[in-house]
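Structure first, commentary second.
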Amino acid sequence: GTPQKYDPTFKGPIYDRGCTDIVCCVLLVVAIVGYVVVGVVAWTHGDPRKVIHPTDSRGQFCGQQGTPNEYGPGPSGHSPNSLRNVGLQPTPPCPPPVQICVSKCPDRYMTYMTSHGNAAALEYYRNFCAPEFKGSRKAPLEVLKDKECPAMLIPSTPLARRCFPAIQAKKGVIMVGNETTYDDGRGQRRNVTELLEGAKKANVVLETRQLAMKIFEDYTVSWYWIIIGLVIAMVASLVFIVLLRFLAGIMVWVMIVMVILVLGYGIFHCYMEYAKLKGEAGSDVSLTDLGFQTDLRVYLHLRQTWLAFLIILCVLELVIVLLLVFLRKRILIAIALIKEASRAVGHVMSSLLFPLCTFFLLCLCIAYWASTAVFLSTSNEAVYKVFNESACPFSGQTCKPETFNASNVTKLCPDAQCLFAFYGGETAYHKYLIVLQFFNVFMFFWLANFVIALGQVTLAGAFASYYWAFKKPDDMPAFPLFSAFGRALRCVREPRRGGRGASGRLCPSNRGRSVPRYHTGSLAFGSLVLAIVQVIRVTLEYLDHRLKAAENKFAKFLLSCLKCCFWCLEKFIKFLNRNAYIMIAIYGTNFCTSARNAFFLLMRNIIRVAVLDKVTDFLFFLGKLLIVGSVGILAFFFFTQRIKLVQDTAPPLNYYWVPILTVIVGSYLIAHGFFSVYGMCVDTLFLCFLEDLERNDGSAEKPYFMSQDLRKLLKKTNKGQPEA
């Protein structure tokens, strides 16, 4: 934890770098190769159609080309007699519900018992029977017993390629096909409300689909106005960052004055309430005598309550004033660093677009993870089981429909059937599917954190090159962002040029040697540690979800404590990683060394860290509030046609909140992207500033690299250098 020893050759982000954390780099490459192999295996065995398309009782897809149930362009789904069991997986020996692929859903009430004697009705009815149904050759009871046809048909509507009862409400009365009762196929009349439970979720999905269609229509007529709103948010974010160079100090001091005034008003109000209650009956009752009251307004009639408020606010006012007196200089340093960060971003404008690269890589990680997860979850094969109504020694055993009729099972158990039970598998691949899913989640976290780390170390290298340029910006590399990206990942060979900048000092960008410059291993190390903690947190959340119905209070308490601890640990590791990546960008050391040096450097300046953190948090909060609030209000007045100048321009909408919320969320993401770059710049300059103070003393041999404003603020000078 000792300060860095002076290195006379150090002029900023070093270029003579070697590979760091090679083991982690190799481990990452091996893991990525394994991840690709898992993806290929999943894509070979998986079939996403199992998620999208329904199947019949034999596990065959409905309405798909190349399957026995191939139909035309019309919707296909399940027969009504399986509606109440849609989504349920049967458990042997109970037979599964009969599911039949149909070309269209039924549109009328019918029962097989009343239709088998009518040729026209039977012809319509057979559209909803199994392929092996041969017409009226069998007795009706045998057809129903063999489950070749459903006992009844109900007017249904297609939804997600399945048929659900067409339930509607007229004047508060639940109806299906304009009827309130139906024949259950056994000669009994039933109320349609009995169908509600089975189709409740279907109606929710149907309403959701209708809502989604209206939202989609709103997007089709307002998308260009949404883009205009997002462009306005982008311009406003850029303007705010530029203005911070001039207005950061004013904003911070106005905020402090407002807090002091608000606390002062609170103290005055509490004193007036305390004085007003003097002499009123019951106002002198103590809080102890009153006890706990569910109606909190009762406490506002006690003088003791307002006295407590008065004391608390006075203490807060005193603390803020004392902090302002003793930390004034540190607040000024924080303001100066924020202004300097605005200048640095101005010299490295390409950094504002770099989050797009990070966002694109994150989208690739998410897409690969999601597609692999879907293919893994649909890698199971159709499993068929023996089902029967009488006692049978083969009941529940696995069978093959192709050879079932020729097997001994049908001879020993005449009523046995080989029916589709569920999707599963008994091979080694199927047994380890859960392990592959876990590996998929782990690799997603690792790669996502690696992409974020790559963005952070690249930005840190670019902004560090700005700080350590003795004469800014003349001594900076021509393309600092690309130079920093190369130092993070690529091996670059540069001739030893030994050029000098405008200051006459050796430019850091010209001191390169023919050496590899890799930090992939260090980034992989930091992201691996964070990924492990995040996977543990996901596992704890999964256990908490599974234990919700449990009555073990100790287990719940222990789980809550673990979740809290790992949440704190994740926040700490993110903070440590961020600063470690900055040190990696500056010194090129390995992850552990960089993390240790960054941590102890910050601990030696903990008060400055706290002040800078709170000041930047306030400015970022204010910036996001101004940008998102302004653009959101503008979008509200525009899309609700309250701006008379453009009243006729606003598109007609089903829900005006759709484009408004889209603009607000998009504006927040844009502002967050800009401020994340700005925040990385502030953190990098702050660490460089602390390093500068500990390394240098202003002499000709060890001059300060900080800006002239910071030197004036700290009353430090560079000997031999004129001060303006």
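Annotation: amide H of Leu419 within the under-5 Å range of Lys385, Phe387, sequence separation 5 or more or interchain, hydrogens built in the peptide plane. The modelled label-to-label distance for the pair Val40/Ser286, using points 7 Å beyond Cα in the direction of Cβ, is 7.9 nm. Among Trp43, Trp446, Trp306, Trp223, the sequence by solvent-accessible area, most first, with a 1.4 Å probe is Trp223, Trp43, Trp306, Trp446. Among the listed pairs Lys145/Lys411; Lys574/Lys624; Lys471/Lys624; Lys553/Lys574; Lys471/Lys715, a Cα-Cα separation exceeding 29 Å is found for Lys471/Lys624; Lys553/Lys574. Sorting 270-281, 144-155 by their mean Cβ neighbour count within 10 Å, with the most densely packed peptide first, gives 144-155, 270-281. A viscosity of 0.890 mPa s and a temperature of 25 °C, combined with the Kirkwood radius over Cα pairs in Stokes-Einstein, give a translational diffusion coefficient for the stretch 383-423 of 247 µm²/s. Convex hull volume per residue, computed on the Cα atoms of the stretch 214-353, equals 222 Å³. Rounded to whole numbers, the Karplus 3J(HN,Hα) couplings from phi for the stretch 224-230 are 6, 6, 5, 4, 4, x, 5 Hz, using 6.51 cos²θ - 1.76 cosθ + 1.60 with θ = phi - 60°, and x at Gly and Pro. Annotation: amide H-H contacts under 5 Å for Phe164 (H modelled 1.01 Å from N, sequence separation of 5 or more, or interchain): Thr157, Leu159. FRET efficiency for the Thr180 to Asp415 pair, using the beta carbon distance and R₀ = 35 Å, is estimated at 0.40. Between Cys357 and Lys553, the contour length at 0.36 nm per residue exceeds the Cα-Cα span by 65.9 nm. Computed extension gain for Val29 through Arg190, at 0.36 nm per residue and net of the alpha carbon distance, reaches 51.5 nm. Site pair Ala120 and Lys716 shows an inter-label distance of 9.9 nm when each label is modelled 7 Å from Cα along Cα→Cβ. Extension gain for the segment Val383 to Asp709, taken as residue separation times 0.36 nm less the Cα-Cα distance, is 109.9 nm to one decimal.
Between Leu247 and Ser407, the distance separating the two model label sites (each 7 Å from Cα on the Cα→Cβ line) works out to 7.7 nm.
An oblate overall shape is assigned to the stretch 558-627, the ratio a/c of its alpha-carbon gyration tensor axes (a ≥ b ≥ c) being 1.5 or greater and a/b not exceeding b/c.
With a 1.4 Å probe rolled over the protein heavy atoms of all chains, the accessible area of Leu530, Leu713 falls in the order Leu713, Leu530, largest first. In whole angstrom, the stretch 589-724 maps to an equivalent ellipsoid with semi-axes of 47, 19, 11, each derived as √(5λ) from the alpha carbon gyration tensor and ordered largest first. The phi torsions of the stretch 325-342, fed into the Karplus equation with coefficients 6.51, -1.76 and 1.60 and a -60° offset, translate into couplings of 5, 7, 10, 4, 5, 5, 5, 5, 5, 4, 5, 5, 5, 5, 5, 5, 5, 5 Hz, rounded to whole numbers, with Gly and Pro shown as x. Between Lys145 and Cys592, the C-beta separation translates, for a Förster distance of 60 Å, into a calculated FRET efficiency of about 0.25. Under a straight-distance cross-link criterion of Cα-Cα below 22 Å, which lysines are reachable from Lys276, leaving out those fewer than 8 residues away in the same chain? Filter leaves no residues. Couplings 3J(HN,Hα) for the stretch 31-39, derived from phi with the Karplus relation 6.51 cos²θ - 1.76 cosθ + 1.60 (θ = phi - 60°), are 5, 5, 4, x, 5, 5, 4, 4, x Hz, where x marks Gly and Pro. On the basis of the beta-carbon distance and an R0 of 45 Å, Leu622 and Arg49 show a calculated FRET efficiency of 0.30. Near Met152, the amide H atoms lying under 5 Å from its own belong to Tyr112; only residues 5 or more places off or on other chains count, and H is placed 1.01 Å from N.
The values are calculated or read from the model by the stated rules, or taken from the named source; none is laboratory data. Source: prediction; values computed, not measured. Cβ atoms come from the backbone with ideal geometry, glycine included; neighbour counts cover every protein chain shown. Surface accessibility is based on the protein's heavy atoms, side chains included, excluding ligands, DNA and RNA. Shrake-Rupley method; radii C 1.70, N 1.55, O 1.52, S 1.80 Å.
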